[in-house]
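Comments concern the structure below.
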């Protein structure tokens, strides 16, 4: 920044130059601060001790009437002071003074003592006392000021001079109330023009006040300059801190992004490897199950041949059952009716075959147990499916949260970019402010040189100095606004830093939650695969076995077909009436899914009684 890099020697040199030109600046200050001095000046001093009480200074509209001249309206400053004189006799005097802000030699005075007021009261028929006269006079002036803006004012303040010009002749200050009938003069005061001594004394007081005001403004300028230097230094430090924080934040963000991308890639690779491994395991298990089922089928076929040789007398009924099954293939809608008929046949067989009742009861109990087990397994499968759905929903929710966090990170980056642009613009504005201050200092030097010119250009110098002072005040105000906006931006940067830390913390928590969910999904996939394998074993068991009742019970119970094959065989009587196929039909009726229909292709129907 220019304010921070300028050497201190240059600043001291400029201050010395300004201090050396103070003497030439005093004359210009007189004309610039003249209106203020008029408001704050006092009446001519005397040799007596006086105590002054200033009521108010009024800039009032005044109608000037001179002899053989047109009336004109001007704004005159009117001051009222109450003086208490204690030496040699205690008395009170009311001093009324008229001055013009544009003409320093325009001065009219009126001193009214208590004795003078009594004569004035008698002459003009006043109804108030001397103590209340100043306030009442001020009220009349306020009414004149309020009525001045109207087209036809009710109250007028007139300055009447019997001469052609307002020079050294007395003038009358009249407060006139106008109405359609006449102009009524409420008060008329005779004012005397100030002599040379009074005007010089008045101008000396003005010059003294201007010097005091100039000294105060110089001190204020030094204070503002020091504050500006301190502010520029602080701004430079804050900009350096902001750059450092921005670099740290950018590096930290890049590190987190790279780490997150690497972790995501690793997790994807692990998931793909796990999927391939599970597929291979599934294929291998499928092959093993096919081989096992082929062996079971071969053993059951051998057992079927043995049963066929042992039951030659039931061949005809077997053919009838095969024909019935072929009809059920073409007419799936009549499966339930055929099952009911088969149940009726089973009942008839139970009545006819009393010797096999005990065995049938045992088989039915076993079938009930299998039905209960199947219902339990189906309920477990439903629970697992629901758990998988909930897990998928949780995983989707985590993904959405992850996307939302990434979007928040992008928004924070955009907002940080905006803040950086704002800080750059503030820096540019500070540079412009420094340039304007330097320009004003150069203009001030130029004005100091121009003060040595003739008295004919003093009025122009007064106007130019007023404009420069106004510009300086505006620049000081802009500097304060810039400092305030800088503090606001620093607070915003702190808030954004806190938001960034909170976002990073949320991102870490989301990563941890994602890892936990991935572990949970892996475990659920494993459980689901195991349940699917168990379910496939249960489904493939009845669909691939021959329609022999004992073989169905063996597969549904998970018993290996190689163990106790001979013991699991049933001993049937020599007659064909007692073939125990009713339990197979009852077992098929417990499966509502289409696999149960496949099981009805090969079983041997029970005996039918005609």
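Values for this structure:
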{"item": "Gain on full stretching of the segment that runs from residue 184 to residue 266 - 0.36 nm per residue minus C-alpha separation", "result": "19.1 nm"}
{"item": "Fraction of the pair-distance distribution of region 129-199 above 17 Å, Cα-Cα pairs, percent", "result": "54 percent"}
{"item": "Ranked by how many other beta carbons lie within 10 Å on average, peptides 295-305, 368-378 from highest", "result": "295-305, 368-378"}
{"item": "Protection-proxy order for peptides 470-478, 280-288, each taking the mean of Cβ atoms within 10 Å per residue, highest first", "result": "470-478, 280-288"}
{"item": "Contour minus Cα-Cα distance for residue 70 and residue 525 (0.36 nm per residue)", "result": "152.9 nm"}
{"item": "Mean Cα-pair separation over length for region 52-194, i.e. relative contact order, pairs under 8 Å, 6 or more apart, %", "result": "22 percent"}
{"item": "Projected-area mean, region 52-194, by convex hull of Cα positions, square nanometres", "result": "9.5 nm²"}
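Read-outs throughout are calculated quantities, based only on the coordinates presented, and are distinct from any laboratory measurement. The structure presented is a predicted model; accordingly, all values stated were derived computationally and were not measured. Note: ideal-geometry Cβ built from the backbone for every residue, glycine included; neighbour counts use all protein chains shown.
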